[in-house]
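Have a look at the structure below before the remarks.
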Amino acid sequence: MMRSWGMQSKGTAVCGAAKRLNRRGVLVGAAAVAALSVLGGGLLGSQSARAAVGPDQQADVVRHLLAAAAREAIAILTKSEGFWNSSVARVGLPAIFKSQPSLSETQKSALMYEQNRLAEEAVREAAPRAHAPIAKLEVPDTDEILGGSFTAATSYLRAQIGMGLIEAMTPILLEILKKHDDSYTVKVVNSLPEVTVAQAAAAMAVEADNAIWYEVGVQEASLRRDPEPSGDPLLISAFGDA
């Protein structure tokens, strides 16, 4: 059975999602740019940030930074409506649904809302795939990352993981869709002869992957600007005066 996600009815879900999407959709892109701009102020790496820790600790700084950013991002995104309410990590509607002329904008809005909620469940299961590689991450050029842009570490980790999160989330999302076989997404898929549930899961995983990395990047930028909330002495030492 598909959980209610706190919605009163399918009709309420459709109308509510459409109204919220229309009201907030244009603002999301601008909010993402604004968030990164504000967080990015003064975040380009400085000599003081790199000099605050010894050369033998710099790779650990990168790992600690990524671990803290990933933890915070996952905590935010797995809250109720975490993806949907994020200014940078709202999961986009996959092209296989966007391109369907038989679907109205209201239906597409409802699909997008539900798929953001389903992403919460998928990320809870896939999160270890993001955390696990960090502890043993090789960082050959710490200067480039610590002295680079405010999302340099996130960009590096994403390049190292590659398709890993997508590959992890695709089977998870497939099982979620099979489990919630009365969901609006599955009903729509069943009405589209050229789309399978497996294709929908794969497409949703790609969109969720993008959203997750955007949120991790924002959290990295926030930690570089103010590492105190992390409570991590190494990050505070490295970025406290950056």
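The values are calculated or read from the model by the stated rules, or taken from the named source; none is laboratory data. Everything numeric in this text was worked out from a predicted model, so none of it was measured. All Cβ positions, glycine included, derive from the backbone under ideal geometry; neighbour counts span all protein chains shown.
A few notes on this one:
- Search result, residues across the range 83-97 that are under 13 Å from the mean Cα position of the chain (by Cα), in a helix (DSSP H, G or I) and buried (at least 21 other Cβ atoms within 10 Å of the Cβ): PHE83, TRP84
- Only residues that are out of contact with any Leu (no Cβ under 8 Å at 6 or more places or on another chain) and charged (D, E, K, R) were counted across the range 197-226, and they come to 1.
- Breaking point among (1) surrounded by 16 or more Cβ atoms within 10 Å (Cβ to Cβ); (2) more than 30 Å from GLN57 (Cα to Cα); (3) not β-branched (Val, Ile, Thr), for LEU235: (2)
- Against the test of being of a type in the set (S, T, N, Q) and in a helix (DSSP H, G or I), the options GLN100, GLN107 yield a single qualifying residue, GLN107.
- Close pairs (7 angstrom Cβ cut-off, 6 or more residues apart or separate chains): over 30 Å from VAL91 (Cα atoms) in the range 213-242, among the acidic types (Asp, Glu) and surrounded by fewer than 18 Cβ atoms within 10 Å (Cβ to Cβ) anywhere: LEU234/ASP60; ILE236/GLU228
- ALA201 being in contact with a Phe, Trp or Tyr (Cβ under 7 Å, 6 or more places away or on another chain), at pLDDT 95 or above and closer than 24 Å to TRP84 by Cα: no
- The condition of being of a type in the set (A, V, I, L, M, F, W, C), within 15 Å of the chain's Cα centre (by Cα) and farther than 16 Å from ALA127 by Cα holds for only one of ALA198, ALA221, ALA202, that being ALA221.
- Residue within the range 128-135 that is of a type outside the set (A, V, I, L, M, F, W, C) and over 21 Å from GLU220 (Cα atoms) present: no
- Here the helices (runs of 4 or more DSSP H) wholly within the range 121-228 that include at least 2 residues being basic (Lys, Arg) and surrounded by fewer than 15 Cβ atoms within 10 Å (Cβ to Cβ) are 164-179.
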